[in-house]
1. Gain in length, residue 317 to residue 243, computed as 0.36 nm per residue apart minus the alpha-carbon separation, to one decimal in nm?
2. Okay, helix-only estimate at 222 nm for the chain: each DSSP H run of n ≥ 4 adds -39500 (n - 2.57), divide by all residues, round to 500 deg cm²/dmol; what do you get?
3. Against the longest alpha carbon principal axis of the chain, how many degrees, from 0 to 90 and to the nearest 10, is the axis of helix 252-265 turned?
4. Would you list the P(r) distribution for the chain, with all Cα-Cα distances sorted into 20 Å bins from 0 and each bin expressed as a whole %?
5. Give me the angle, in degrees from 0 to 90, between the Cα long axis of helix 293-307 and the longest principal axis of the Cα atoms of the chain, rounded to the nearest 10.
6. Suppose the chain between residue 169 and residue 253 were pulled fully straight at 0.36 nm per residue; how much longer would it get relative to their current alpha carbon spacing?
7. GNM, the chain, Cα, under 10 Å: largest mean-square fluctuation among 192, 269, 316?
8. Between residue 137 and residue 333, what is the FRET efficiency for a Förster distance of 25 Å, r being their Cβ-Cβ separation, to the nearest 0.05?
Ligand SMILES: [Zn+2]
């Protein structure tokens with residue numbers, strides 16, 4: 001007899017993590033929404049979870065909704081998973097008539113959409129309210145507990161990346177954290193700050209409270225003084241010639257949209273001289289594509305480029321890449337898939353010297369093959 005466990009197509013850890021995060025760590029089953037994670041009594045940095053990354057089409061024969069024509073990759077893909085509490089994971093595996101593939105997919109979509117809506121509007125009845133990033137490895141849903149000129153405090157809910165242990169490590173090894181990674185970003189504020197000292201993490205009855213000592217706001221440039229660049233066509237990136245036949249330049253507020261597009265189109269790892277510079281759009285796109293979380297993660301990263309100064313070790317210059325953006329209101333993806341390596345995005349930003357500015361831009365998004373090829377190029381930093 002065939003052992004069902006020998007050929008299971010299980011989910012990888014990152015897929016399990018992403019499924020849980022996309023569901024706000026709640027069971028996706030209609031009407032359940034049970035929270036599947038919380039602080040553990042075992043210790044201040046321990047969490048307990050009762051959630052299961054269940055297969056929509058079973059991972060092995062002899063189980064419900066098994067599709068013999070699906071490949072290993074299809075069965076272990078995030079699109080074949082649904083985050084459930086242990087009770088509902090058991091229930092759907094008993095009854096594949098009521099819980100068909102179609103009905104499970106619909107449940108998952110409804111729940112993920114509800115989570116994303118709750119995050120956007122900051123609903124207090126929802127367990128998730130906004131995203132906060134502490135350095136690149138920790139992203140957590142949180143509510144604002146206090147904003148002072150020298151410290152930001154948050155009540156943490158659920159981790160999309162990292163966990164309380166990772167925060168403890170960040171605190172314990174703060175002096176050796178890369179300077180450019182010492183930051184805190186808050187989606188609700190549309191703003192971020194450099195973290196000036198080791199944060200503190202306290203556990204109370206219903207969760208964790210994180211307090212970050214922060215620097216004063218980094219000075220922004222007036223849009224009229226951001227310099228100039230070559231004028232390029234939004235669609236083709238071709239250069240223009242001016243009336244005299246020279247390559248056309250734009251400056252100030254006319255250059256600004258192009259500057260935003262340049263910053264947002266540079267993926268982290270693409271520059272051979274500044275390895276740490278650039279957006280994490282590509283990384284997020286790989287893990288969260290098709291999920292309502294993607295817009296919120298993109299927004300966090302635009303906030304980072306607007307508020308956290310980068311030190312150019314070649315020129316010694318200190319600047320925030322989006323030099324004159326003082327606040328990020330919204331970052332909205334207008335398509336799930338790039339076309340010809342371009343992804344349409346609508347942005348609403350506060351700009352020093354312009355006020356509130358809104359625009360659709362098509363930003364560059366490389367394919368996985370292109371990023372792998374870039375990673376193999378020689379480095380100069
Ligand atoms: Zn449930």
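Nothing in this text is a laboratory measurement; each read-out follows from the coordinates by a stated rule. Being a predicted model, the structure only gives us computed values, none of them experimental. FYI the Cβ positions are ideal-geometry reconstructions off the backbone, even for glycines, and counts take in every protein chain you see.
1. Values: separation 74, 0.36 × 74 = 26.64 nm, distance 3.46 nm.
Computed gain between residue 317 and residue 243 is 23.2 nm.
2. Numbers: 9 runs with 96 residues, N = 381.
Estimated from H runs of four or more residues: -7500 deg cm²/dmol.
3. 40 degrees
4. With 20 Å bins starting at 0, P(r) equals 25, 54, 19, 1, 0.
5. Tilt relative to the chain: about 30 degrees.
6. Working: separation 84, 0.36 × 84 = 30.24 nm, distance 4.25 nm.
Fully extending the segment from residue 169 to residue 253 adds 26.0 nm.
7. Fluctuation is largest for 316.
8. On the way: r = 23 Å, r/R0 = 0.94.
It comes out at approximately 0.60.
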